[in-house]
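Student: For reference, the structure I am asking about is given below.
The values are calculated or read from the model by the stated rules, or taken from the named source; none is laboratory data. This structure is a prediction, so every number in the text was calculated from the model and none was measured. Here Cβ is always computed from backbone atoms with ideal geometry, including for glycine, and neighbour counts include all displayed protein chains.
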Amino acid sequence: MANMKHIIWILVSSLFLATTTVSADETARLIRSANRYFAPLTDAMPGSENDTPERIALGKKLFFDKRLSINDEQSCASCHRLEEGFAGVDNLPVSPGAKGQLGTRNSPTVLNSGWQDSQFWDGRAEDLVEQAKEPILNPIEMGMPDEQAVEEKLRGIAEYGDAFATAFPGADPAITYQNIAEAIAAFERTLITPSRFDDFMNGDAGALSEVEQRGLKAFIRLDCNSCHDGILVGGETYEPLGKENPYENQSDQGMYEVTKDENDRMFFKVAPLRNVALTAPYFHDGKISTLDEAVRKMGTLQLDEELTDQQVSDITSFLKALTDKNREQYIQ
Ligand code: HEC
Ligand code: HEC
């Protein structure tokens, strides 16, 4: 009898061992495949080699300074909110400018943005410096008349004299439109937000729950990563929105608006998915209000797949794990 118990015990415990090792193996395989398609964040963004503390501090001050707008009503941070609970967006479908006029596109996040191949939904700015020059002069955003007017306005603010001189030693004049954009970009390059997905890719098998791992597997199995890949899970390439089935709102034709090339119709930047759980509403027009809906729509529009409720909920759980660890508490 004692013997029988012993045998059963051995059988049961080896079965238990077998199942746990299989799942540890499976997780290890998933970590390897995640590293094939995606990559963990590093602690320095491309182009940050010359970003001194003085330049970053100046850029931060400029990013939050409403005096960069025509009527002192609006800063970069008005639309790209960085205060407690926000993830570099205003969570509006489209944003009002300094004078209250609405833009036509949804504000993307500035978090981790410098890792993208280029900036804007249509990629028309090659980097953060070129990007920063646009909103200040955009008549329905910050509305300043021209570069010179911005330089003159800042030269008239005493505290900026020293701040620019120390941020750009040797430059004369130091307050130039180029340097304004350079400083803002230096600050933006500090907006790096590691998530649990990074820990997972770096080998911490427990960093993603079972459900999140299932979501990651579904994301890969469905081929979402054929577009959303790399360090930002997107942000590197341009693809038609409505690759398989046309998107209902055709009023904004994406890259075509810039290039006028027929082949670019409805091409938009593949949205980077880091922090996506905090950046509702979704798509370039801000017309999709929930993450579930965005995921489900991606299935039909881009892959001609009707996702099951289970797939949508698993993938959404995985996408939530791409949130800045310091901001996860704000996911609703
Ligand atoms: C009125 C709201 C508003 C203001 C003010 C504003 N932005 Fe934006 N920002 C947007 C919108 C909308 C877009 C997308 C526009 C497009 O793609 O055509 C955008 C795009 C960006 C992007 C590109 C992100 C990406 O994923 O492509 C960056 C970076 C950015 N803004 C930084 C800034 C900076 C720096 C300032 C201040 C100099 C600023 N923004 C001022 C609304 C605003
Ligand atoms: C053929 C390329 C392609 C495929 C495949 C694809 N996407 Fe996308 N995805 C895009 C593009 C392009 C956008 C930006 C669309 C826009 O608003 O113009 C986007 C946007 C999104 C958004 C909204 C992000 C935001 O900030 O607005 C989510 C979420 C998303 N995709 C998830 C997925 C998931 C999940 C899958 C797989 C089921 C998937 N995508 C498959 C190209 C693709």
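Student: All but one of (1) near ligand 2 (Cβ under 10 Å from one of its atoms); (2) buried (at least 16 other Cβ atoms within 10 Å of the Cβ) hold for residue 327, so report the exception by its number.
Tutor: With (1) near ligand 2 (Cβ under 10 Å from one of its atoms); (2) buried (at least 16 other Cβ atoms within 10 Å of the Cβ) applied to residue 327, the lone miss is (1).
Student: For residue 70, only one of the following conditions fails: (1) more than 20 Å from residue 149 (Cβ to Cβ); (2) buried (at least 18 other Cβ atoms within 10 Å of the Cβ). What is its number?
Tutor: (1)
Student: Failed condition for residue 302, given (1) of a type outside the set (A, V, I, L, M, F, W, C); (2) surrounded by fewer than 21 Cβ atoms within 10 Å (Cβ to Cβ); (3) modelled with pLDDT of 95 or more, with all others met?
Tutor: Answer for residue 302: the failing condition is (2).
Student: Restrict the check to the range 95-114 and report whether at least one residue is surrounded by 15 or more Cβ atoms within 10 Å (Cβ to Cβ), in contact with a strand residue (DSSP E or B) (Cβ under 9 Å, 6 or more places away or on another chain) and in a helix (DSSP H, G or I).
Tutor: For the range 95-114, residues surrounded by 15 or more Cβ atoms within 10 Å (Cβ to Cβ), in contact with a strand residue (DSSP E or B) (Cβ under 9 Å, 6 or more places away or on another chain) and in a helix (DSSP H, G or I): present.
A quick yes/no check of all residues on (1) among the β-branched types (Val, Ile, Thr); (2) surrounded by fewer than 22 Cβ atoms within 10 Å (Cβ to Cβ); (3) farther than 17 Å from residue 229 by Cβ; (4) out of contact with any strand residue (DSSP E or B) (no Cβ under 9 Å at 6 or more places or on another chain):
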| position | (1), (2), (3), (4) |
| --- | --- |
| 243 | no, yes, no, yes |
| 248 | no, yes, yes, yes |
| 251 | no, yes, yes, yes |
| 256 | no, yes, yes, no |
| 263 | no, yes, yes, yes |
| 271 | no, no, no, no |
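Student: Hey, another quick one. Report yes if residue 221 is free of Cβ contacts under 8 Å to residues at least 24 places away in the same chain and within 28 Å of residue 33 (Cβ to Cβ), otherwise no.
Tutor: Answer is yes for this residue.
Student: Could you please let me know if residue 211 is within 16 Å of ligand 1 (Cβ to nearest atom), among the hydrophobic types (A, V, I, L, M, F, W, C), under 29 Å from residue 86 (Cβ atoms) and not assigned by TED's automatic domain parsing to the domain that holds residue 114?
Tutor: Spelling it out, it is not the case that residue 211 is within 16 Å of ligand 1 (Cβ to nearest atom), among the hydrophobic types (A, V, I, L, M, F, W, C), under 29 Å from residue 86 (Cβ atoms) and not assigned by TED's automatic domain parsing to the domain that holds residue 114.
Student: Can you name every residue in the range 77-112 that is within 12 Å of ligand 2 (Cβ to nearest atom) and under 21 Å from residue 257 (Cβ atoms)?
Tutor: Within the range 77-112, 93, 105, 106, 107, 108 qualify.
Student: Go through (1) among the basic types (Lys, Arg); (2) buried (at least 21 other Cβ atoms within 10 Å of the Cβ); (3) near ligand 1 (Cβ under 6 Å from one of its atoms) and name the single condition residue 55 misses.
Tutor: Going through the list (1) among the basic types (Lys, Arg); (2) buried (at least 21 other Cβ atoms within 10 Å of the Cβ); (3) near ligand 1 (Cβ under 6 Å from one of its atoms), residue 55 breaks only (3).
Student: To continue, here is another question. Within the bounds of the range 55-74, is there any residue that is out of contact with any helix residue (DSSP H, G or I) (no Cβ under 8 Å at 6 or more places or on another chain), in a loop (DSSP other than H, G, I, E, B) and not acidic (Asp, Glu)?
Tutor: Yes - at least one qualifying residue is present in the range 55-74.
Student: Here are 223, 198: which of them is more than 19 Å from the chain's Cα centre (by Cα) and either within 16 Å of ligand 1 (Cβ to nearest atom) or acidic (Asp, Glu) (or both)?
Tutor: From the options 223, 198, the qualifying one is 223.
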